[in-house]
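Colleague: Below are the structure tokens for one structure; questions will follow.
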Amino acid sequence: VLSDRKTYPRRPRPAHTNRRVDPESPESRIVVHVVMLSRASHALRRAVAFGGAVAPAAHSHTARRLLATQAAAKAMGVVRHDWTNEEVEALYNRPLLDLVYDAASVHRANHDPRQVQQCTLLSIKTGGGPETCNYCAQSSSWKEDTGLKAEKLLGADDVLAAARRAKEAGSTRFCMGTAWRGPSQVGKGQFERVLGMVSEVRDMGMEVCATLGMLNHEQARQLREAGLTAYNHNVDTSPEFYPKVTTSRNYEDRLNTIAAVREAGISVCCGGILGLGEEEKDRASMLRVLANLPEHPESVPINALVPVKGTPLEKLEPPSGLEMVRAIAVARIVMPRTVVRLSAGRINMSAADQALAFLAGANSVFTGDKLLTTPNNESNEDSKMFEELGLVGRPAFVPYMSGGASSDGSEWGENAHKVAPSIREGAERAQKEMTA
């Protein structure tokens, strides 16, 4: 489907220019604030280069300017929960290189820029999904056109074998997905089987993530007790555009599940998909929603649509690599401590595009030949890219800087003696690395 890109109707791409802004216009305050942050970043980098002093060639005016911008620089990378649509849209409309420069500054202030976690995603229950997501090949609504047949839940032995292969290949997080509306749809037996898989994969010393549809508070609690590290539940797009993505659920359903996951003490993994037919203002609105949650998600996956034949969105053109970089850069600035995951659609990005994405703040990728039902980058390509860029993997159970309590083993509290030795070892190793 992706081989003949000429068949896709091209969407007009917005121009990002250095346009002049009327000082009296409503957007002037926002633009000036963003420009000050950029200048502050540049000035402080110059100061650091000269040991904290002003460059020798600089005169007193430069020194005064440096001091004046230091206060603004402190705002760079501050965790906020009160972003407005106008502010995020102003970030989105910045010249790309300026945006990436500032995002990279925030990234390096909060993360090891060389460290990129490798994750593996396995569909443990494929097809037959009752939802009407227009992008999803697994929806039963399009099964006649996609030709995808519903399959049974995989057995535990098959899942554990896949997890072992993933670990041997370098993955430190193993994600399991089901084409369910939620565990309530399938009954107690199948959910209990998944709970068992979660416990066994975690005992292997890997972080465990699941995406099983909508959860209630009791189901989230059971997943936490089984040892789940993180739960993925994407908002997909903006609240305004969401009704055009699916009609079988609403935006509030997504936020309610995220709240249940957070209350249970599980790390939140929540992001979106670019290329669903939305405008850039929708992408900005989606990131504003995530940044204004009571606690930032520990993980924000940024996905690109991979058009699948037979789905309503089969003829849409996937977003470009630079569109992905722009979204990652904005995500990094508005959620400084979150792990931003370069996810589905990476197969259409060049190595140079991916390098720019890592510079802008991406610190995770998904490896393996498939992401649920769509193709993914080959492992040998990723290994070569990691080597060329000087990237290293992120170990399992490194504490997450954003959100709530991280899943490093400490959340077990008084029940810590029940934690498998591999989990304790991972937590202890992570703590040593953080304090070294």
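The values are calculated or read from the model by the stated rules, or taken from the named source; none is laboratory data. Not measured: the values here are computed from a predicted model. Cβ atoms come from the backbone with ideal geometry, glycine included; neighbour counts cover every protein chain shown. Please note that ligands, DNA and RNA were not included when accessible areas were found on the heavy atoms of the full protein model with its side chains. Shrake-Rupley method; radii C 1.70, N 1.55, O 1.52, S 1.80 Å.
Colleague: What residues qualify as long-range amide H neighbours of residue 235, i.e. H under 5 Å apart, gap of 5 or more or another chain, H built at 1.01 Å from N?
Modeller: When sequence neighbours closer than 5 places are left aside, the close amide H contacts are 271.
Colleague: I've got another one for you. Could you pull the accessible area for residue 164 with a 1.4 Å probe, rounded to 10 Å²?
Modeller: The accessible area comes out at roughly 120 Å².
Colleague: A further question follows. Please tell me which of these pairs span more than 30 angstrom C-alpha to C-alpha: 167/244; 149/315; 149/244; 125/281; 125/167; 149/188?
Modeller: 167/244; 125/281
Colleague: Below 15 angstrom from the Cβ of residue 364, what's the summed charge of the other residues (Lys, Arg +1; Asp, Glu -1)?
Modeller: That sum, taken over residues with Cβ under 15 Å, equals +3.
Colleague: Spelling out what I want: for every residue of the stretch 236-242, take phi, set θ = phi - 60°, compute 6.51 cos²θ - 1.76 cosθ + 1.60 (Karplus), and round to whole Hz; glycine and proline get x.
Modeller: Each residue of the stretch 236-242 in turn: 6, 7, 6, x, 5, 8, 4 Hz.
Colleague: Rank-order 93-99, 287-293, 187-193 by packing density, defined as the average count of other C-beta atoms within 10 Å over each peptide's residues, highest first.
Modeller: Packing order, densest peptide first, comes out as 287-293, 93-99, 187-193.
Colleague: When Lys and Arg each count +1 and Asp and Glu each count -1, what net charge do the other residues less than 12 Å away from residue 186, Cβ to Cβ, add up to?
Modeller: +4
Colleague: Then there's this: From the phi angles alone, apply the Karplus equation (6.51, -1.76, 1.60; θ = phi - 60°) to the stretch 160-171 and give each ³J(HN,Hα) in whole Hz, x where the residue is Gly or Pro.
Modeller: Along the stretch 160-171, the couplings run 5, 5, 5, 5, 5, 5, 5, 5, 4, 7, x, 6 Hz.
Colleague: So who's got an amide H within less than 5 Å of the one on residue 208, skipping anything under 5 residues away but keeping other chains? H placed 1.01 Å off N, in plane.
Modeller: HN-HN under 5 Å from residue 208: 174, 229, 230.
Colleague: Quick query: amide H of residue 367 versus all other amide H atoms, modeled in the peptide plane; which residues come in under 5 Å with a sequence gap of 5 or more or a different chain?
Modeller: Residues meeting the criterion, in which the H sits 1.01 Å from N, are 119, 120, 121.
Colleague: If you roll a 1.4 Å probe over the stretch 195-276 with all protein chains in place, what percent of the accessible area is carbon or sulfur?
Modeller: Of the solvent-accessible surface of the stretch 195-276, carbon and sulfur hold 49 percent.
Colleague: Pop out the ³J(HN,Hα) list for the stretch 325-336 in order, Karplus 6.51 cos²θ - 1.76 cosθ + 1.60 with θ = phi - 60°, rounded to Hz; leave Gly and Pro as x.
Modeller: So the J values, rounded to whole Hz, are 4, 4, 5, 5, 5, 5, 4, 5, 6, 7, 10, x.
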